[in-house]
Amino acid sequence: MRFNKYYKMHNPGMYYINPEIDTIEYIDKRERTVDLRKQNVVTRDNMSLYIDAVLFFRIFDSLKARFAATDLGSQIQNLAITTMRNVISGLTMQEFLEKKDDIDDKIQEQVGPIAA
């Protein structure tokens, strides 16, 4: 960043940085794990469930991750929680117990394009 505005993205290697006008920001592109807090979900047949989940995400586009969202981690976390609650609330308790893999796929289909 130059004068606190986006200037250029560098690939790994050696570059000259003027410390008076340039700053460097590092973005971690490794896969991150977030433990989602317990959620109370009511199924379609009015059964109350407590759901505990783990979220895995990774940053592919550093520029979007830095400038498109103020707090990317919490926004992805809230999106995943909301989507999980919406998908599970549309199922009965029996469907929830039988179709866990399908639930995972539905959540990934809904969160994936938005988070990308």
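The values are calculated or read from the model by the stated rules, or taken from the named source; none is laboratory data. Predicted model only: the values in this text are computed from it and were never measured. Positions of Cβ are backbone-derived with ideal geometry, glycine not excepted, and every protein chain shown enters the neighbour counts. The protein model used for the area step is the full one, side chains on, heavy atoms only, and it has no ligands, DNA or RNA in it. Shrake-Rupley method; radii C 1.70, N 1.55, O 1.52, S 1.80 Å.
Overview of values
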read-out	value
Lysines with Cα under 30 Å of Lys64, excluding same-chain neighbours fewer than 8 positions away	Lys5, Lys8, Lys29, Lys38, Lys106
Amide proton proximity set for Thr92, modelled H, under 5 Å, gap of 5+	Arg44
Cα gyration tensor shape for the chain, rounded if a/c is under 1.5, else prolate or oblate	prolate
Hz values of 3J(HN,Hα) by residue in the stretch 49-63 - Karplus curve (6.51, -1.76, 1.60), Gly and Pro given as x	10, 10, 10, 10, 9, 10, 10, 10, 8, 9, 8, 9, 10, 5, 5
Point-to-point label distance, Asn86-Ile114, nm (Cα→Cβ direction, 7 Å offset)	0.5 nm
Leu36 long-range amide H proximity, modeled H, under 5 Å	Ala53, Val54, Leu55
Stretch gain in nm, segment Asp71-Lys100, where the contour uses 0.36 nm per residue and the Cα spacing is subtracted	7.5 nm
Where Glu25, Glu31 fall by accessible area, highest first, once all protein chains stay in place (1.4 Å)	Glu31, Glu25
For the chain, accessible area per residue (1.4 Å probe, heavy atoms of protein chains only), Å²	76 Å²
Accessible-area composition of the stretch 26-70, carbon plus sulfur, in percent [1.4 Å probe]	51 percent
Relative packing of peptides 72-84, 99-111 - highest average C-beta neighbours within 10 Å first	72-84, 99-111
Gap separating the Cα centres of the stretch 43-116 and the stretch 4-27, nearest whole Å	35 Å
